[in-house]
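Okay, structure first, notes after.
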Amino acid sequence: MKFAHLQAKRALKNEEVPIGAVVVKDGNIIARGYNCREKSQNAIKHAEIIAIEKACRKLNSWRLDDCEIYVTLEPCPMCAGAIVNSRIKKLIYACKETTSNDNLCEKILTSNRLNHHVQIQHDEKYQKEISQMLSQFFQTKRKKK
């Protein structure tokens with residue numbers, strides 16, 4: 001999670017929503033990503049999507065079997081879909097998405113409609129620091145308006 005947090009800090013430096021992700025296989029980081037929507041002007045350039053794309057290129061496969069993804073914030077529905085469709089084994093995230101109380105991410109990752117289910121773990125070690133970074137980012141953004 002430490003390395004996902006570093007990716008979130010890179011996003012923050014670039015005035016992007018500070019979310020970071022890393023994909024791990026066999027205990028080694030194989031891909032990293034952070035939000036790049038503003039710079040790229042591309043709605044799907046979320047940290048998870050970028051990290052998954054890089055991991056697929058690294059492994060030369062769309063199947064990320066036996067991989068884990070560490071993300072600083074609970075994934076949105078699009079990213080949850082990408083995680084399950086890439087066959088990632090486990091999601092570990094630091095902060096719960098506070099704007100959603102319907103457990104949609106968990107529903108997507110564990111849906112019986114899909115032939116793959118993702119293990120989910122909430123890792124609270126960096127939660128406070130990451131949560132503060134996200135809150136500060138949005139407070140600053142609102143003040144600029």
Exercise. Hey, got a sec? Which GluC sites (Glu not before Pro) in the range 1-85 land in a DSSP loop and have at most 15 other Cβ atoms within 10 Å?
Worked result: Glu15
For this session: Starting from the coordinates of the alpha-carbon atoms of the chain, obtain the Kirkwood hydrodynamic radius over all distinct pairs and give the value in Å to one decimal.
Result: 15.1
Exercise. Carbon and sulfur: what percent of the chain's accessible surface (1.4 Å probe)?
Worked result: 46
Problem set entry | Unit charges at the beta carbon, dipole of the chain: most positive-side option, Ser40, Pro77, Val118 | Ser40
Seminar exercise, completed: In deg cm²/dmol, rounded to the nearest 500, the helical mean residue ellipticity at 222 nm of the chain, built from -39500 (n - 2.57) for every DSSP H run of length 4 or more, is -12500 deg cm²/dmol
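The values are calculated or read from the model by the stated rules, or taken from the named source; none is laboratory data. If you're wondering where the values come from, they're calculated on a predicted model, not measured in any experiment. Counting neighbours? That spans all protein chains shown, and the Cβs are built from the backbone with ideal geometry, glycine included. Heavy atoms of the whole protein, side chains included, go into the accessibility calculation; ligands, DNA and RNA do not. Shrake-Rupley method; radii C 1.70, N 1.55, O 1.52, S 1.80 Å.
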